[in-house]
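Remarks on the structure that follows.
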Amino acid sequence: MRAPNDPTVSDLPSLMRTRGWADYGLLDSGNGRKLERYGRFTVVRPEPQCLWAPALPAEVWEAADAVFDPTDEEDAGRWKLKGKAPESWPLGWGDVKFNGRFTSFRHLAFFPEQAANWEWLGAAVRGAGGQPKVLNLFGYTGVASLAMAAAGAAVTHVDASKRAVGWARENAALSGLAERPIRWITEDARKYVQREVRRGSKYDGIILDPPKYGRGPDGEVWRLFEDLPELADLCAQLLSENAKFLVLNAYAERISGAALSGLLADKLKGRGGAIDWGELALVQEDGAREIGMSFFARWQA
Ligand SMILES: C[S@@+](CC[C@H](N)C(=O)[O-])C[C@H]1O[C@@H](n2cnc3c(N)ncnc32)[C@H](O)[C@@H]1O
């Protein structure tokens, strides 16, 4: 039963659409693959949910600069490039700049569908006024952290991977945000949050995008379905009295926006505000198709 001060929960999902921008576009999709543009490179990647036929002729697909060849059901594999692969190349989303990279996990060192979250987070930070203190857990290469820093937040960015944090710092420098108040922390997300709860630290906004499975720097095992309830509970304890948001994102199969909203409703009882939930989707440049990419639920005061 919902008590009067529990958050209200949307009864319908929302679709947060990313339509592409100067440095990114979903050009076409079909036959289990997608064709995308990342700055000067066109790229073909597996996308099993694209069950339809592609719209563009085969020659356009064949002309792609890079094709990801998966070696297993998970994300591993290798890139086949027409020319020499650069170590990285600069891309941007508005004022936020970051490097594209051909990683061995089939992505390009950022997740374009997250642009819908970057936009929302930037607006939430600006709406909060002053310099809200925000936490980005599992922050990877830091684009969400930079979008929030650019909007005026003091950011704590946490990721287990030293390399990812190094890339995130490079992205901050590329964006001209290196002098902003951003704390870069290489640590297990759960350990960090447990310590922050013990210290009595508080945050005005939190975003977390945990993988299905991961490891902390000292081999700590992260399993989404086993560990997310406890982490969400700890994050709820970290919210300041005037906190503005808590955003949860997940890519795992078998998760859903409805499930994530159920978790937030459970952990944020008595906090008031509202929870909405749904999917993040990429919209093809011709507008003909959209691909659901990840699930989200978010609480806003
Ligand atoms: C799905 S990516 C997050 C994507 C990111 N939010 C973005 O939009 O670019 C998962 C990240 O979680 C990190 N990770 C995995 N296990 C972790 C753990 N136990 N603690 C902290 N970070 C972890 C990985 O290093 C990786 O950078």
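For GluC sites (Glu not before Pro), the sites in the range 108-186 that DSSP calls loop and that have at most 15 other Cβ atoms within 10 Å are E179. Taking amide H as placed 1.01 Å from N in the peptide plane, T42 has its amide H under 5 Å from the amide H of D65, A66, each at least 5 places away in sequence or on another chain. Efficiency by 1/(1 + (r/R0)^6): what FRET value for K162 and R2, r their Cβ-Cβ distance, R0 = 25 Å, to the nearest 0.05? Efficiency at R0 = 25 Å is approximately 0.05. Accessible area ranking (1.4 Å probe, heavy atoms, ligands and nucleic acids excluded), largest first, for S145, S256: S256, S145.
For W118, the solvent-accessible surface with a 1.4 Å probe is about 10 Å², rounded to the nearest 10.
Mean projected area of the Cα convex hull of the range 24-100, taken over all directions, amounts to 5.8 nm².
Taking all protein chains together, D188, D75, D95 sort by accessible area into D95, D75, D188, largest first [probe 1.4 Å]. Here the alpha carbons of the range 158-207 define both size measures, Rg and Dmax, at 12.4, 35 Å.
Angle of helix 162-174 to the longest C-alpha principal axis of the chain, folded into 0 to 90 degrees and rounded to 10: 80°. Ordered by 1.4 Å accessible area with all protein chains kept, H157, H107 run largest first as H107, H157. At a probe radius of 1.4 angstrom, the accessible area of the range 109-300 per residue rounds to 40 square angstrom. Can you find, among L239, I207, G39, the residue sitting farthest towards the positive end of the charge dipole of the chain, where Lys and Arg contribute +1 and Asp and Glu -1 at Cβ? Farthest towards the positive pole: L239. The charge dipole of the chain, taken about the Cα centre with unit charges on the Cβ atoms of Lys, Arg (+1) and Asp, Glu (-1), comes to about 780 debye, rounded to the nearest 20. First compute the accessible area of the chain with a 1.4 Å probe, then give the percent of it belonging to carbon and sulfur atoms. In the chain, the share of accessible area belonging to carbon and sulfur is 50 percent.
Each residue of the range 134-139 was assigned a 3J(HN,Hα) from its phi angle through the Karplus expression (A = 6.51, B = -1.76, C = 1.60, θ = phi - 60°), giving 10, 10, 10, 9, 6, x Hz with x at Gly and Pro.
Remark: the range 1-153 carries a charge dipole of roughly 420 debye about the Cα centre, counting +1 on each Lys and Arg Cβ and -1 on each Asp and Glu Cβ. The loop-placed GluC sites (Glu not before Pro) in the range 197-244, going by DSSP, that have at most 16 neighbouring Cβ atoms within 10 Å of their Cβ come out as E220, E241.
Loop-resident GluC sites (Glu not before Pro) (DSSP state other than H, G, I, E or B) in the range 13-89 with no more than 15 further Cβ atoms inside 10 Å of their Cβ: E73, E74, E87. From its DSSP helices (H runs of at least four residues, each -39,500 (n - 2.57)), the chain gives a residue-normalised ellipticity at 222 nm of -7500 deg cm²/dmol. Given the chain reduced to its alpha-carbon atoms as identical point scatterers, what log10 I(q)/I(0) does the Debye formula return at q = 0.08 Å⁻¹? Once normalised to I(0) and log-transformed, intensities are -0.35. Each residue of the range 100-115 is assigned a 3J(HN,Hα), and the resulting list reads x, 8, 7, 7, 7, 10, 6, 10, 10, 6, 6, 10, x, 5, 5, 4 Hz, derived from the Karplus form 6.51 cos²θ - 1.76 cosθ + 1.60 (θ = phi - 60°), x at Gly and Pro.
Once backbone amide H atoms are built at 1.01 Å from N, V96 has no partners under 5 Å, excluding neighbours fewer than 5 places away on the same chain.
Once all protein chains are placed together, R17 keeps about 110 Å² accessible to a 1.4 angstrom probe.
The values are calculated or read from the model by the stated rules, or taken from the named source; none is laboratory data. Since this is a predicted model, take the numbers as computed values, not measurements. Because the Cβ atoms are built from the backbone with ideal geometry, glycine has one as well, and the counts that use them run over all protein chains shown. Heavy atoms of the whole protein, side chains included, go into the accessibility calculation; ligands, DNA and RNA do not. Shrake-Rupley method; radii C 1.70, N 1.55, O 1.52, S 1.80 Å.
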